[in-house]
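Below: the structure, in structure tokens.
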Amino acid sequence: MIRDAYILTLNARNDIFEKGSVIVEDDKINFVGKAERIKEKDGAFEKVIDAGSNIIMPGLIDTHVHLAQALLRSIVPDDVRLIEWLKNWVWPLQGSFDKEDGQVSAQLCMLEMLRSGTTAFVESLLHTRYGFDGIAGVALKSGMRAVLSKAVMDIPGYAGQKDVIHPGMVEDRDESLNEFKRMHAKWNGAGAGRIQVWLGPRTPGACSESLYRTVAQIAREYTAGVTMHLAEVKEDLEYFSSLKTSPGEFVNRLGLTGSRRIFAHCVWLSEDDMRVFAKTGTSVAHCPSSNMKLGSGIAPVSEMLRLGVNVCLGCDGGPSNDDYDMIREVKLAVLLQKGINLNPNALTAVEALRMATVNGAKALGLENQIGSIEVGKKADLIIVDPRRPHLFPNINPISNIVYSATGADVRSVMIDGKLVMEDNQVLTLDEDSILKAASDKAEKLLHKSGKR
Ligand SMILES: [Zn+2]
């Protein structure tokens, strides 16, 4: 039992309980509400956490993550446009990864996500050379809820540019699809269902239409989700124009829309594209920090939401953000929409917080299991310590979380009913050894890739 908490349920009514309690049994929530109602049961609990008026809210769901990019933070230069940034830096570095680099980068990334209150994430593009088994093992050990998507490709290109992907990153059609099938057989459903294996076709320009159709067919066969980058920069739009189509029309025609289909970025969607996504239940992972840092543009999020698209949030990668802190991402998302729409009501704090929780759960097809604090749902929740100057006074905790907090204010994290961080101590991963290994690996990677 967690008692004396300020509970932001994010249920359909966005109920808030002051001095509330949450009771967790096994992996599920079996009570949420005012403490008086359960007083008589006190003493009957295996563990009682006195929240001391701390805020309890659902765990955050990051729907667009590159685990392999945590190691690239501060290595890749700032102030560079996307395609140049990929060609000259990200791909040569990731194309020099070995399985240990992949594992250490995943550890660093998950450590940061846990510390900042992320309980579930979607990794969008795992190449075989990063070592899937090692990365899945880290996800299992961390206690996190993870979607791990296998990169699929058959052309080493990006949009209209051919032969631009670093040779170390290139995989062929059968190699990438067979690795997906192997990974799915070995890991899908592992950790009592915490791990899902999805398909992550590369961005248009790196997959033939026939491969996209095959991906759609395999996804149906395996009941697997699909995630892909889409319409991130203007160059993508030029590519779709050359095919006399639009991003939404393109993916819909190839059978890639629907539930458990997440398209990252979608900065350059037309209104018709948005209507297609709304109609088909397709989700968009909005990545505001990454889009701002790479100068890609501002996604029309409030318009997408108005048209009924399920928009969730993503931190993207180590060198494009450069953090995996969802609370900071929520703030940027909400401010950008107010600013570009010249309307402070274009996106509200609670709508933005729902993007990071409820909408994320829906994107994963887990809306009945996670995303809010409700009886019968999985106990994926975080405790935020508001006893800090930047969170005082705490009259409106939703406003404080969205506008004033950062991930560093998260004190404890529970996933699937298990505490994975308690009082600022991560219990599932060895922080000191991960930080040391990350420094060593980053240094070696610079040499291996010829960047130093
Ligand atoms: Zn990305």
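Assorted remarks:
- For region 130-141, 3J(HN,Hα) computed residue by residue from phi via the Karplus equation (6.51, -1.76, 1.60; θ = phi - 60°) reads 6, x, 4, 4, x, 5, 4, x, 5, 4, 4, 5 Hz, glycine and proline entered as x.
- Full extension of the segment from residue 436 to residue 15, taken as 0.36 nm per residue of separation minus the current Cα-Cα distance, would add 147.3 nm.
- Relative contact order (%) - the chain, alpha-carbon pairs under 8 angstrom, separation at least six: 21 percent
- Interchain or long-range residues, amide H under 5 Å from residue 147's placed H: 121, 122, 123, 196
- Here region 390-452 is assigned +1 on the Cβ of each Lys and Arg and -1 on the Cβ of each Asp and Glu. Its dipole about the Cα centre then comes out at about 500 debye.
- At R0 = 30 Å, FRET efficiency that the Cβ-Cβ distance of residue 342 and residue 406 yields, to 0.05: 0.65
- Cleavage-rule hits, GluC sites (Glu not before Pro), region 116-214, DSSP coil, Cβ neighbours within 10 Å at most 15: none
- Candidates per trypsin sites (Lys or Arg not before Pro) in region 11-99, loop by DSSP, up to 15 other Cβ within 10 Å: 13, 47, 81
- Region 136-170-region 372-417 distance, computed between alpha-carbon centres (Å): 32 Å
- Per-residue 3J(HN,Hα) values for region 77-84, derived from phi via the Karplus relation 6.51 cos²θ - 1.76 cosθ + 1.60 with θ = phi - 60°, read x, 7, 6, 10, 6, 3, 5, 4 Hz in sequence order (x marks Gly and Pro).
- Neighbour cut-off at most 14 other Cβ (10 Å), DSSP loop, trypsin sites (Lys or Arg not before Pro), region 327-423: 387
- Cβ crowding within 10 Å, taken as a proxy for footprinting-reagent exposure, orders 164, 197 from fewest neighbours to most as 164, 197.
- Note that region 323-340 has calculated 3J(HN,Hα) couplings of 9, 10, 9, 5, 5, 5, 5, 4, 4, 5, 4, 5, 5, 4, 5, 4, x, 6 Hz, one per residue in order, obtained from phi through the Karplus relation 6.51 cos²θ - 1.76 cosθ + 1.60 (θ = phi - 60°); glycine and proline are x.
- Potential lengthening of the chain between residue 392 and residue 30 amounts to 127.2 nm, from the contour at 0.36 nm per residue minus the alpha-carbon distance.
- When the P(r) is computed for the chain, the part past 29 Å accounts for 44% of the Cα-Cα pairs.
- Antiparallel DSSP beta bridges within region 60-363, percent to nearest 5: 5 percent
Read the figures in this text as sums done on the coordinates, not as results from a lab. A quick note: this is a predicted structure, and the numbers were derived from the prediction, not measured. Every residue, glycine as well, gets a Cβ built from its backbone with ideal geometry; the counts of neighbours run over all protein chains shown.
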